[in-house]
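Asks: The structure's right below; bear with me while I get my questions together.
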Amino acid sequence: MTRRVQQKVSPSMDQSKAVIGNNSELDAIQIFSYLSCRDRASLSSTCRAYRLLGSSPCLWSSLDLRPYKFDTSAAESISSRCTNLQALWFRGALSADAMIILQARRLREINVEFCRELTDAIFSAIVARHEMLEILHFGLDVCDRISSDAIKTVAYCCPKLRRLWLSGVREVNGDAINALAKQCRQLVEVGFIDSGGVDEAALENLSSVRYLSIAGTRNLNWSSAAIAWSKLTSLVGLDTSRTNINLSSVTRLLSSSRNLKVLIALNCPVFEAEADTSMMYNQKGKVVLSLISEIFKGVASLFSDTTEINNGAFQNWRKLKVRDRISDEIVSWIERVLSHSLMRISKKNPKEFDDFWLRQGATLLLSLMESSQQEVQERAAYAVATFVVIDDQNAMVDCQRAEAILRHGGVRLLLDLARSPPEGLQSEVAKAIANLSVDSKVAKAVSENGGIDILADLARSTNRLVAEEVVGGLWNLSVGEDHKGAIARAGGIKALVDLIFKWSSWNDGVLERAAGALANLAADDKCSLEVARAGGVHALVMLARSFMFEGVQEQAARALANLVAHGDSNSNNAAVGLETGALEALVQLTFSKHEGVRQEAAGALWNLSFDDRNREAIAAAGGVEALVALVRSCPISSQGLQERAAGALWGLSVSEAN
């Protein structure tokens, strides 16, 4: 038998190998952490090693399912990885029904958006299976099918609950509130937002609650509320925004509440009519934050001595080397409720808010976007995207508001956030960039700060919500002649064409915006050639042939019209004519019920008729009869449609056969 010879190896060498192995695994896990949950799951299916790495518990401690269609089959496919899941975000009642399958018994936090169809039964089933819940957040939409009975289920099933936030509940009665007070002894923060009614007297029993928000809640008896809530000995912050609270109730709460430090009353018309700007503090130094007060100075007063208004109050707080836990807790809560109220206000966008937005609202939103809380960042970005819009249908923005964001460094901040990993934040930031870019000065700043490269890169995202908003930004930027070449150089044209094929199965929003951006780019001679080289002709013809949504049809027809509008300077006219089904699709679009679709289709046929080979092919596809019918049916007021239809007939008539 041959002897086995052992090589003598120093302990340090063994240890170094072990460290290298561990470091390699840690590096691989870190790479996985940058991927979306869909990409992690896909990569895990490629081999055994990746499956083991991709199943690492640290990669599945939180899950954001908002961009995805999350149904029972999707839940079953990832349930084995969710045993250690602690935080979950999703949208809609269908997803709520599916999440029960995850068997994520260790969940600490659930965040649900757009839950209008969520019923008591589904809500109760969710909380009953997750008794370790500490945070339960149901918004942005109303939850008007959830009753007080479901809230009682929360109380009995989730004794460790610390934060409860419900939006649009029909009514929160005394029994439900008393159950929370009795069963959830660790409850620190409660929000009953935009509710039909809340038993204000019963709220007195929530003795552990430090932060209470009833923003937007109706039918409150403020005399009773002020008396009851003054007895909440733990209460530090109270949010009464968008209610009809009056000055006497505010005064009573400030004077009688022992530990109350902050009262927020944004967009409270009765209070604002009765108070004045000196109401930022009362004699005891308690802070009132309202539309008529200096919000930054009020926030700064909580943790430092201020002698002048400071628009960097939140930033200064974040930079403090020594911060106490209570101040951190207060400012974090202020960020959450301010971002929510400003988001709500931006949706309605009343004209009387012009002064507020220009005076401090714009800078306030930018400051909130620098928060360490992702939910705050997302809401602030959403508000930026919304408050600048005057007319969504005609893509009109308020230039003063847009340029206020620009003046205060908003473009660079948004572009920095667009590079950050959270896809939910990327989506909201991309929407803000898109809407702001309607203003030519902002569009120029976006381009000069590398924004086009960032958007072109994000257009390749596998996240539907990110892709849709990013493409909207490229659409708006492509309006400017100076930006077309930059989009092409950044690879934006190829990304747009690829995106049409990627999302061709179901997303009208992405496809309309991508076709609209290509239409703008195709108006440029050089860019039109790049569109054709990237496969744009085939992509646009596919949209014109296969999609019934009028927005997609109109932009696809417009893009084809612009592609073939350059005469003999390129070969696009012939290329479109030779594309299978292109001429037939455009002829069929002239019968559309929508004038915009008919007009763009007629314009495309007009441009195509300048090529000898296309004239008789259009006629063979029924183009002559379709255009004659279109001319006969044209309203007198539709001069653009009349011109294009008549022009197409004139172009076809050059052929003797026609």
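The values are calculated or read from the model by the stated rules, or taken from the named source; none is laboratory data. Quick caveat, the model's predicted, so the values are computed rather than measured. Backbone-built Cβ (ideal geometry, glycine too); neighbour counts: all protein chains shown. We work out accessible area using only protein heavy atoms, side chains counted, and drop any ligands, DNA or RNA first. Shrake-Rupley method; radii C 1.70, N 1.55, O 1.52, S 1.80 Å.
Asks: Taking the Cβ of residue 77 as the centre, find all other residues whose Cβ is under 15 Å away and add up their charges (Lys, Arg: +1; Asp, Glu: -1).
Replies: That sum, taken over residues with Cβ under 15 Å, equals +2.
Asks: Further question: For the stretch 588-657, calculate the relative contact order in percent as a whole number, restricting contacts to Cα pairs under 8 Å that are 6 or more residues apart.
Replies: Numbers: 70 pairs, mean separation 28.4, N = 70.
Relative CO of the stretch 588-657 lands at 41 percent.
Asks: Using the Kirkwood formula over every pair of different C-alpha atoms, what hydrodynamic radius in Å results for the stretch 298-449?
Replies: About 15.8 Å for the stretch 298-449.
Asks: Give the relative contact order (percent, whole number) for the stretch 501-623; include only Cα pairs under 8 Å separated by 6+ residues. Working shown, then result.
Replies: Working: 171 pairs, mean separation 30.2, N = 123.
Once divided by the residue count of the stretch 501-623, the mean separation gives 25 percent.
Asks: Using only alpha-carbon positions, what ratio does the radius of gyration of the stretch 482-580 give when scaled by 2.2 N^0.38 Å?
Replies: Details: Rg = 12.2 Å, N = 99, 2.2 N^0.38 = 12.6 Å.
Against the empirical 2.2 N^0.38 Å value, I get 0.96 for the stretch 482-580.
Asks: Given a 1.4 angstrom probe, I'd like the percentage of the accessible area of the chain that is carbon and sulfur, rounded to a whole number.
Replies: Ligands and nucleic acids excluded, carbon and sulfur give 49 percent.
Asks: Can you tell me the mean projection area, over all orientations, of the convex hull of the chain's alpha carbons? Units nm², please.
Replies: 40.4 nm²
Asks: Also: Heavy-atom accessible area per residue, the stretch 136-295, 1.4 Å probe: how many Å²? Don't skip to the end; give the middle numbers.
Replies: Values: 5640 Å² over 160 residues.
So the stretch 136-295 comes to 35 Å² accessible per residue, rounded to a whole number.
Asks: Tell me the mean residue ellipticity at 222 nm calculated for the chain from its helices only (DSSP H runs of n ≥ 4, each -39500 (n - 2.57), averaged over every residue, nearest 500).
Replies: It comes out at -16500 deg cm²/dmol, rounded to the nearest 500.
Asks: Past 20 Å, Cα to Cα: identify those pairs from 347/484; 441/526; 297/351; 261/348; 160/182; 152/182, in the order given.
Replies: 347/484; 441/526; 297/351; 261/348, as the Cα separations exceed 20 Å there.
Asks: Then there is this: In Å², and per residue, what accessible area does the stretch 303-432 have when probed at 1.4 Å with the other protein chains present?
Replies: 44 Å²
Asks: So what's the Cα pair-distance distribution over the stretch 588-657, bin width 5 Å, in %?
Replies: Whole-percent P(r) values from 0 Å outward: 3, 20, 34, 25, 12, 5, 1.
Asks: When only C-alpha pairs under 8 Å and at least 6 residues apart count, what is the relative contact order of the stretch 441-528, in percent?
Replies: 32 percent
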